[in-house]
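The values are calculated or read from the model by the stated rules, or taken from the named source; none is laboratory data. Because the structure is predicted, anything quoted here is derived from the model rather than measured. Note that each Cβ is placed from the backbone with ideal geometry, even for glycine, and that neighbours are counted across all protein chains shown.
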Amino acid sequence: MSRVFLARACQILHVVALSVWMGAVGMSGLVAAIVFPTMRELDPTLGAYGGYEGDHALLGAGRIASKVFFSVDIIQFVCASGALGTIVLLVVTGYSLNTLARVFRVIVLCMTLALLSYHLLLFMPELQRLLNGYWEHAAQGDTGTADQYKDRFLEFHGTASRILGGLTLLVLINIVLACITLTAKDKATDGGAK
């Protein structure tokens, strides 16, 4: 396998990983925007939470959205690993950081990975702990304690939205930079790997 072919394959896989990543994050926001209003319209009473006197629509929509966001976090991790792996392989095979766009591409990818790491390793575990407390106490019919967990979770909701919005924007910038540098000639190797 030639170095040029490997470099091109890595570039394509890199863009694909970023595109799937952005699509997953974008769709998670769309799912939430559909599920929560729909549950409000349905105004359900959930049998598993029969003793809970609080908002069953929010509880049900939250259970669904939580599964969606967990799935999206898995997709984000896989796609981020793919994006990082392909850029590392590019550099190892001779991809030169000889232009400002290429350097900026690597910097933005590192920023995106740092924000994703914060989201997955520090932010989401606390959010999940609050959700689990909310669901557990709601299932026991302890409305007061369940609502305390829910209110604490809602305090974090704005931050969660900003993190996902930031990730979406950074991944979009990564895609644009990857496409801009996709066809740039590698001056350091006499027009070798692109």
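Being free of Cβ contacts under 8 Å to residues at least 40 places away in the same chain, small (Gly, Ala, Ser), under 27 Å from ARG162 (Cβ atoms) and not in a loop (DSSP other than H, G, I, E, B), is that true of even one residue in the stretch 108-121?
There is at least one residue in the stretch 108-121 that is free of Cβ contacts under 8 Å to residues at least 40 places away in the same chain, small (Gly, Ala, Ser), under 27 Å from ARG162 (Cβ atoms) and not in a loop (DSSP other than H, G, I, E, B).
Quick one: in the stretch 142-157, of everything that is among the hydrophobic types (A, V, I, L, M, F, W, C) and within 18 Å of PHE36 (Cα to Cα), which residue is surrounded by the fewest Cβ atoms within 10 Å (Cβ to Cβ)? Please lay out each step first, then the result.
Kept after step one, since they are among the hydrophobic types (A, V, I, L, M, F, W, C), are these residues of the stretch 142-157: 146, 153-154, 156.
Filter once more, keeping what is within 18 Å of PHE36 (Cα to Cα): 153-154, 156.
Details: PHE153: 19, LEU154: 12, PHE156: 15.
Checked the stretch 142-157; the qualifying residue surrounded by the fewest Cβ atoms within 10 Å (Cβ to Cβ) is LEU154.
Mind listing whichever residues of the stretch 77-103 are surrounded by fewer than 16 Cβ atoms within 10 Å (Cβ to Cβ), part of a helix (DSSP H, G or I) and of a type outside the set (A, V, I, L, M, F, W, C)?
Within the stretch 77-103, SER81, GLY85 qualify.
Give me the pairs, please: first residue somewhere in the stretch 17-37 and free of Cβ contacts under 8 Å to residues at least 40 places away in the same chain, second residue anywhere and of a type in the set (Gly, Ala, Ser), beta-carbon distance under 7 Å, and either six or more positions apart or on two chains.
Going by the 7 Å Cβ cut-off, the qualifying pairs are VAL31/ALA65; ALA32/ALA65; VAL35/ALA61; VAL35/ALA65; PHE36/ALA61.
What about THR159, is it of a type in the set (Val, Ile, Thr), over 30 Å from ILE175 (Cα atoms) and in contact with a helix residue (DSSP H, G or I) (Cβ under 9 Å, 6 or more places away or on another chain)? Write out each step before concluding.
Details: of a type in the set (Val, Ile, Thr): yes; over 30 Å from ILE175 (Cα atoms): no; in contact with a helix residue (DSSP H, G or I) (Cβ under 9 Å, 6 or more places away or on another chain): yes.
So THR159 fails the test.
Out of ALA80, ALA101, I need the residue that is within 22 Å of GLY166 (Cβ to Cβ) and within 18 Å of the chain's Cα centre (by Cα). Which one? Walk me through it before giving the result.
Numbers: ALA101 fails: within 18 Å of the chain's Cα centre (by Cα).
Just one listed residue meets the conditions, ALA80.
Of all residues in the stretch 32-57 being under 30 Å from VAL78 (Cβ atoms) and surrounded by 15 or more Cβ atoms within 10 Å (Cβ to Cβ), which is modelled with the lowest pLDDT?
Among those that are under 30 Å from VAL78 (Cβ atoms) and surrounded by 15 or more Cβ atoms within 10 Å (Cβ to Cβ), it is ALA32.
Check the stretch 88-100 and report whether any residue there is modelled with pLDDT of 95 or more and out of contact with any helix residue (DSSP H, G or I) (no Cβ under 9 Å at 6 or more places or on another chain).
First, pick out the residues of the stretch 88-100 that are modelled with pLDDT of 95 or more: none.
No - not one qualifying residue is present in the stretch 88-100.
Looking at the stretch 43-60, can you tell me whether even one residue there is part of a helix (DSSP H, G or I) and of a type in the set (Val, Ile, Thr)?
Checked the stretch 43-60: no residue is part of a helix (DSSP H, G or I) and of a type in the set (Val, Ile, Thr).
Collect the residues in the stretch 63-87 that are polar (S, T, N, Q) and more than 27 Å from ALA101 (Cβ to Cβ), keeping them in residue-number order. Explain how you work it out, then say what you get.
First, pick out the residues of the stretch 63-87 that are polar (S, T, N, Q): 66, 71, 76, 81, 86.
Across the stretch 63-87, the qualifying residues are SER66, SER71.
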